Amino acid sequence: MRKSILYENVIENTTDGILIIGFDGRIRMENDVASEILDVNPDFLQGKTIAALMDANEENDEFFRAIIDAVYEKKKISEAVEYYRKDGRRYLHVITSFLKNKKEDIELIVVISDITELVELGHKNKYLTDKLISFLDHFVKVMIDAIDKRTPYNANHTRNMVRYAENYLQWLDTQGRGIDEGHRNMFLFSVWMHDVGKLVIPTEIMNKPTRLGDQIKDVMHRIETATLCERLEVAEGREDASAYEAKVKELSEAKTLIQRMNHAGFASEEDKEKLREAAKISCLTSFGERLPLLSEDELAALSVTKGTLTAEERKIMESHATHTSEMLEKLEFEGAYKNTPIWAGGHHEYLDGSGYPKGLSGDDITWEMRLLTIIDIYDALTAEDRPYKPPVSPEKAFFILEDMVKEGKLDAEILADFKASEAWKHTEEETDSLLI
């Protein structure tokens, strides 16, 4: 008797709703909290079967069906369900267990908790998270559009890289080696942002299509002026015709050489020697002075072995990686995106320590940075919209990348995977989804 009274007191005074249900589906006992949570009169529950309650309350089939399953299948459950009351929708957490008589299960005990406030708080948190993700989405698009306006080919580069990265990650999924969604989104965000540092690089360097850039106008004007002045020297009797013809020929040959080397992809030692000789040619000015055909800076620009940038210009261009890290660090990313500045800013690091900006090597270069570097180089080699060089075929690009593996610069396994994935062959539609 005392046990029965104690038993009833515990049930009645607990802060959760309690239903005691026999395995015939009939409610043996309930407390006031259960009636309050379910928004029904206690008399409505007492002695009723769950099936009858379900028939009388069709809009809450989800709640009653969970209990019926627990009763008739004699199983424990722990579920969150929606429950509709007169004052609106609520969220309930339902837990079932068994009352025993010695070792035998004799009744089902159902514990009901109102978790509406927690669920709504979760919804609010999700809303705020979605708003943050939307902000990041728009932030990235603004940054990419800003870079696009400064250098049209770079926006294509970024979008291409995102497409390659996404296709490669999907391929990893098919191989059973995929990464989780949070990790994937953080990496793709790093790809989107890897070149944001180019926003502070001078456009005359970033978009430099030729070795001399705008300086070619000064050099050509210098040659034209010198030619006219030499002709004037002959007309005024200060120079004979043969000397004039020799000088004009010398200037003409130098002009052809300079124009060729201004657009050349590579400068051999023989080319550099010819440029040094041409630079010494004296050019007569309209003031009667004689100056070298090329200044030291102009000669240095034309004598670049590969590409269009001088050593000083290349140093400025390479600083974009540092600027990327610094700009992203100021955003103080936390949680899933905390590694974004590191990965995005490390896409020019090589395993042998010869990369930049930090000269990292070996294990200091993460898988994400290694992959980003390979994708970056591949697109730079195959890009069709670079003003300073023609594209190479995918076959040629992988030949170059594999040579870099042999040199100890790139990760052999990641490169082999990227090649096997054929990520660059998939649809080339513009990537609009940021997947963050």
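The values are calculated or read from the model by the stated rules, or taken from the named source; none is laboratory data. Since we're looking at a predicted model, the values are computed, not measured. Ideal geometry is used to build each Cβ from the backbone, glycine not excepted, and the neighbour counts take in all protein chains shown.
A few remarks follow.
- Applying a threshold of 7 Å to beta carbon distances and a minimum spacing of six or more residues, or different chains, the list of pairs starting in the stretch 29-57 at a residue that is in the same structural domain as Gly17 (by TED's automatic domain parsing) and under 20 Å from Ala70 (Cβ atoms) and ending at one that is among the acidic types (Asp, Glu) and part of a loop (DSSP other than H, G, I, E, B) reads Val33/Asp16.
- Within the stretch 240-272, being part of a helix (DSSP H, G or I) and closer than 12 Å to Leu302 by Cβ holds for Ala254, Leu257, Ile258, Gln259, Arg260, Met261, Asn262, His263, Asp271, Lys272.
- All positions within the stretch 90-116 that are modelled with pLDDT under 90 and charged (D, E, K, R): Lys100, Lys102, Lys103, Glu104, Asp105, Glu107
- Among residues of the stretch 146-175, those that are modelled with pLDDT under 90, hydroxyl-bearing (Ser, Thr, Tyr) and either in a helix (DSSP H, G or I) or in contact with an Asp or Glu (Cβ under 9 Å, 6 or more places away or on another chain) (or both), counted: 2
- Lone qualifier among Ala336, Ala301, Ala344, Ala278 - being in a helix (DSSP H, G or I), in contact (Cβ under 8 Å) with a residue 60 or more places away in the chain and not assigned by TED's automatic domain parsing to the domain that holds His194: Ala301
- Positions within the stretch 288-321 being of a type in the set (S, T, N, Q) and under 29 Å from His348 (Cα atoms), in sequence order: Ser303, Thr305, Thr308, Thr310, Ser319
- Condition met for Ile342 (under 17 Å from the mean Cα position of the chain (by Cα) and either surrounded by fewer than 19 Cβ atoms within 10 Å (Cβ to Cβ) or at pLDDT below 95 (or both)): yes
- Residue, nearest to Arg26 (Cα to Cα), within the stretch 86-108, restricted to residues that are surrounded by fewer than 15 Cβ atoms within 10 Å (Cβ to Cβ) and of a type in the set (D, E, K, R): Asp105
- Residue match in the stretch 211-218 (condition: without any contact (Cβ under 8 Å) to a residue 40 or more places away in the chain and either out of contact with any helix residue (DSSP H, G or I) (no Cβ under 9 Å at 6 or more places or on another chain) or assigned to a loop (DSSP other than H, G, I, E, B) (or both)): yes
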